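Undergrad: Got a structure here, written out as structure tokens. Questions coming.
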Amino acid sequence: MCIRDSYCTLVSVAGTTLNSVSGASASPYYTLFPASGSTTATFAVGTPYVLTLSAGTYNVNDFAVWIDYNNDGIFTDATEKLGQVNNIGAAPATATISFTVPATATNGALRMRVREADQGSTSTLPACGNLTYGEVEDYTVTVTGGVPPPTYSWAPATFLNDATLANPIASNVTATTPYTVTVSDAIGCSSTG
């Protein structure tokens with residue numbers, strides 16, 4: 001993917017602190033913004049929001065936006081794509097996507113992905129994968145009023161930095177150690193593997 005004047009210049013959500021004004025990023029044309037100030041937001045379940053987007057200097061731009069509501073690290077669930085707008089002109093032209101956070105969203109810090117591309121058609125923009133032109137910006141947003149996140153319990157805890165994380169890091173390993181993890185949700189369902 002390359003920029004060629006096809007990039008994000010504005011990602012803003014009315015009624016929140018998210019008001020990110022940026023320019024073209026360097027290769028690989030991806031930015032993960034810090035979860036602070038104008039590059040983050042808190043969204044309440046059931047509240048309608050309007051996201052405003054603006055592109056760079058290219059005159060045909062497509063945008064799509066996702067929130068990883070179940071916090072599984074991918075954007076494939078049907079409810080996670082907030083929307084897509086096609087053929088937006090160069091800045092200062094803007095486009096909007098309206099969305100409401102579903103009651104099934106996981107509480108806490110979640111990833112929001114904004115993808116801008118000149119894909120040469122109005123087909124569905126993918127959250128991941130190669131496109132010829134464009135840019136991806138990721139934001140950490142917080143959801144409130146949804147469902148509690150699952151809990152994790154790794155056994156044994158030997159060599160792990162935190163046995164309660166979804167993805168702990170093993171360090172200073174001195175022996176082969178098989179691990180099992182138990183994942184539990186707020187209503188008591190669990191799975192061990």
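Undergrad: With the Cα gyration tensor of the range 97-188 giving a ≥ b ≥ c as the square roots of its eigenvalues, does the rule (a/c under 1.5 for rounded; else a/b larger than b/c for prolate; else oblate) give rounded, prolate or oblate?
TA: oblate
Undergrad: Going by the alpha-carbon gyration tensor, a ≥ b ≥ c the square roots of its eigenvalues, is the range 135-193 rounded (a/c under 1.5) or, if a/c is not under 1.5, prolate (a/b greater than b/c) versus oblate?
TA: Note, shape of the range 135-193 comes out oblate.
Undergrad: When a/c is below 1.5 the answer is rounded, else prolate if a/b is larger than b/c, else oblate, so apply that to the range 89-136 with a ≥ b ≥ c taken from the square roots of the Cα gyration tensor eigenvalues.
TA: Because a/c hits 1.5 or more and a/b exceeds b/c, the range 89-136 counts as prolate.
Undergrad: What are the radius of gyration and Dmax of the chain, computed over its Cα atoms and given in Å?
TA: Radius of gyration, then largest Cα-Cα span, for the chain: 19.0, 59 Å.
Undergrad: Shifting gears a bit: Between Ala109 and Ala35, what is the label-to-label distance in nm when each label sits 7 Å out along the Cα-to-Cβ direction?
TA: 0.3 nm
All of the numbers you see were taken from the coordinates with simple rules; none came from a lab. Remember, predicted model here, so these are calculated numbers, not experimental data. Reconstructed Cβ throughout: ideal geometry from the backbone, glycine too, with neighbour counts over all protein chains shown.
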